[in-house]
Amino acid sequence: MNPTELVVNEKLASIEPERKEHGIVMELSPYGVDKKKLGMWMFIVSDACTFAAFLFAYGYMRIGAPVWGTPFGPSSIANGVLMTAILLSSSLTMLAAVRASQADDRSSAKKWLGVTMLLGVIFAALHLREWFKLIGEGWRLFYNPTGGAAQFGATFFSVTGLHLTHVVTGVIALAFVVRGYSQRRYDQSHVETAGLYWHFVDLVWMFVFPLMYLMNAH
């Protein structure tokens, strides 16, 4: 074996096992971060900008409107608090799933991922119930049944709809992670990456709930 081949073989042998996926040697991340996590962090930063733009637009229109809609009574606020508690609980179960995957306890990891998915489904159901209640009271994208600013419906349904879409997408993504993890095609890094997304969605709700619910209570 000549010196060049020896150097190449030594470099290939030094590549981390997780970089060899489906028999293909993957290039190491130049930032020393797992490529899946790096991609997720880049998505989170860009998505945070999207939510910030939506919330800024909402705040701008709310301040500029002489009369703003306040449709949320005690029952709606209680529903929002329950939704918040469920989403925060799902962050804890997601954390438990990540810890279990790091300990290579696949059974516990799958169990906690399943609980997280269930809590996400419950959150989405409660959210849709609130939507149907508002629609039943006559609220529309550009119609305020109380005679106030018509933009309330557009901002509320847009911001909460965007967040709800992220929750539903997260539940679907977790289902794929559970399947791949069960078949041993995925490892702990996939669970950790899914956890980053889920915690981001939970964090966004901590801004959406007070701005869209508590500030519009009567």
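General remarks:
Yes/no per residue for (1) in contact with a Phe, Trp or Tyr (Cβ under 6 Å, 6 or more places away or on another chain); (2) under 15 Å from residue 68 (Cβ atoms); (3) assigned to a helix (DSSP H, G or I):
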position	(1), (2), (3)
122	no, no, yes
127	no, no, yes
131	no, no, yes
135	no, no, yes
138	no, no, no
148	yes, yes, no
155	yes, yes, yes
159	yes, yes, yes
166	no, no, yes
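- Condition check for residue 115: surrounded by 16 or more Cβ atoms within 10 Å (Cβ to Cβ) and either in contact with a Ser or Thr (Cβ under 6 Å, 6 or more places away or on another chain) or at positive phi (or both): yes
- Within segment 143-199, considering residues that are of a type in the set (Phe, Trp, Tyr) and under 13 Å from the mean Cα position of the chain (by Cα), the one farthest from residue 131 (Cα to Cα): 197
- Options 165, 146, 155, 169: the member that is hydroxyl-bearing (Ser, Thr, Tyr) and in contact with a helix residue (DSSP H, G or I) (Cβ under 7 Å, 6 or more places away or on another chain): 155
- Within segment 51-74, the residues that satisfy the criterion of being over 23 Å from residue 129 (Cα atoms) and part of a helix (DSSP H, G or I) are 52, 53, 56, 57, 59, 60, 61, 62, 63, 64.
- Inter-residue pairs, beta-carbon under 6 Å, first under 16 Å from residue 202 (Cβ atoms) and in segment 42-63, second at pLDDT 95 or above, 6+ apart: 44/200; 51/204
- Verdict on residue 175 being surrounded by fewer than 18 Cβ atoms within 10 Å (Cβ to Cβ) and closer than 30 Å to residue 107 by Cα: yes
- Once segment 126-162 is narrowed to residues that are within 19 Å of residue 79 (Cβ to Cβ) and among the basic types (Lys, Arg), the residue that is surrounded by the most Cβ atoms within 10 Å (Cβ to Cβ) is 133.
The values are calculated or read from the model by the stated rules, or taken from the named source; none is laboratory data. Just so we're clear, the structure is a prediction, and the values are computed from it rather than from any experiment. Every residue, glycine as well, gets a Cβ built from its backbone with ideal geometry; the counts of neighbours run over all protein chains shown.
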